[in-house]
Amino acid sequence: MKSHKTSIKTLTNVVAICFGLIISAAHADFVDNFEGTTLNPFWSKSEQSGSVVFPGTTRAHSGSQSVELVTTNSALDKSVSLSHAFNAPTYGTISVWVFDTGADVSSGNYIYLYATYTNNMVARLITYDYDLGPGQGGSFYYYETGQQAGATAIDRTQAWHLFSISALPGSLSMSIDGVVVYSGPGGQPFDTISMSLSGPYWRPAWKVQFDDLKFVPDPGLDVKMYAGLNLSGSIGTAYEIQYLNNIRSNNWQHLADITLTNSPYFYLDTNSTSASMRFYRAMVK
Ligand SMILES: [Ca+2]
C-alpha cells in the first residue's frame with residue numbers, strides 16, 4: 001500500500017466522520033413468578049370487598065407460590081386487582097397463567113387480564129361471572145378491545161390457562177393457551193396492565209390464582225447512523241478505501257476496494273456504527 005502513496009493526490013477523498021448510534025428508549029422486560037417473600041413493588045393493589053393474598057399457596061403454576069385475588073361478601077360490589085402503571089405509554093406483550101376457578105360453575109366472579117391507556121380499554125381477556133354450560137352462556141373465554149368484543153372458541157376448564165395480550169405498533173392481538181383469539185390493527189399503546197377478580201355484590205365470595213406474569217416490551221424503532229463517503233476521482237479507476245479509528249495510531253485498515261463508476265462516488269460504511277469515531281482515506285490500487 002505504501003507504494004501507492006503518491007496516488008492519494010489523484011483522489012479528492014474524505015468525508016463523513018461524525019456519526020452516532022441511537023436506540024429508542026424502551027422499558028425493560030419484567031417477569032414475576034411470585035416466589036418472593038413479599039409482593040414485588042412493581043405491583044399496586046386495589047381492594048374493594050376483598051384482598052390480594054400474597055404469597056398465595058392454594059396452588060402454583062411454577063414453584064410453590066402464586067398471587068391470589070380473593071373477594072368477600074359485603075354490601076359493595078366485588079373488585080380486587082393487581083396493576084402496574086408504566087411511567088410512559090408502551091408497546092409490548094403481557095402474559096400470565098391464570099387458574100380458571102369459575103369454569104363449569106354457574107355463579108362465580110369475572111376474571112380479567114387487561115391493558116388500558118388513560119383508563120380506556122385497549123384489550124382484555126375475560127371470563128364471565130357464570131358458566132352455564134355449552135350454549136347457555138359464559139362457557140367460553142371472551143375478549144374485548146376498545147372497539148369490539150366477542151366470544152372465543154375456547155371452552156373454559158378448571159385448569160391453568162395462559163392469557164396473552166400483545167399491543168404493538170403494527171398489530172393488536174390476544175391469545176389463550178397460544179391460540180390467537182383476536183387479531184386487529186395496532187398502534188394502541190398502553191400505560192397500565194391489570195389482573196382482576198370482580199363481580200356484583202350478590203355474586204359469591206371467590207378466589208383466583210395468577211402466576212408467571214411476563215411483560216416483554218416491544219423493542220421499538222432502532223435508528224442507526226452511518227458514515228458516508230463521497231469519493232471524487234477518475235472514473236474506471238480502482239481505489240482502496242482504508243479507515244482509522246484512532247487518528248494517532250496511523251494503523252490504516254482495509255475497508256473496501258472500489259472501482260469508480262461515476263464521480264463523485266458515494267460509499268456507505270455499514271460497519272461504522274460500531275465505532276465512536278472513524279477516519280478515512282482512499283488510494284489508487
Ligand atoms: Ca410461582
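The values are calculated or read from the model by the stated rules, or taken from the named source; none is laboratory data. Computed from a predicted structure; not experimentally measured. Because the Cβ atoms are built from the backbone with ideal geometry, glycine has one as well, and the counts that use them run over all protein chains shown.
Looking only at the range 38-94, which residues are of a type in the set (Val, Ile, Thr) and in a strand (DSSP E or B)? Show your work before the answer.
Filtering the range 38-94 for residues of a type in the set (Val, Ile, Thr) gives 38, 52-53, 57-58, 67, 70-72, 80, 90, 93-94.
Passing the criteria: Val52, Val53, Val67, Val70, Thr71, Val80, Thr90, Thr93, Ile94.
Just checking, does the range 118-132 include any residue being among the hydroxyl-bearing types (Ser, Thr, Tyr) and either touching a residue at least 60 places away in the same chain (Cβ under 8 Å) or not assigned by TED's automatic domain parsing to the domain that holds Gln148 (or both)? Full working, then the answer.
Kept after step one, since they are among the hydroxyl-bearing types (Ser, Thr, Tyr), are these residues of the range 118-132: 118, 127-128, 130.
From what is left, the residues that are either touching a residue at least 60 places away in the same chain (Cβ under 8 Å) or not assigned by TED's automatic domain parsing to the domain that holds Gln148 (or both) are 118.
Yes.
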> Does Tyr182 meet the test of being outside any strand (DSSP E or B) and in the same structural domain as Ser106 (by TED's automatic domain parsing)?
Replying inline: no
> Are any of the residues in the range 215-230 part of a strand (DSSP E or B) and under 30 Å from Ser106 (Cα atoms)?
Replying inline: no
>> I'm checking my understanding of the structure. Among residues of the range 187-224 that are of a type in the set (Gly, Ala, Ser) and touching a residue at least 60 places away in the same chain (Cβ under 8 Å), which one is farthest from the ligand (Cβ to nearest atom)?
In response: Gly220
>> What's the number of the only condition in (1) within 16 Å of the ligand (Cβ to nearest atom); (2) surrounded by fewer than 21 Cβ atoms within 10 Å (Cβ to Cβ) that Thr93 fails to meet?
In response: (1)
>> Could you go through the range 46-67 and let me know if any residue there is at positive phi, within 26 Å of the chain's Cα centre (by Cα) and either buried (at least 19 other Cβ atoms within 10 Å of the Cβ) or small (Gly, Ala, Ser) (or both).
In response: yes
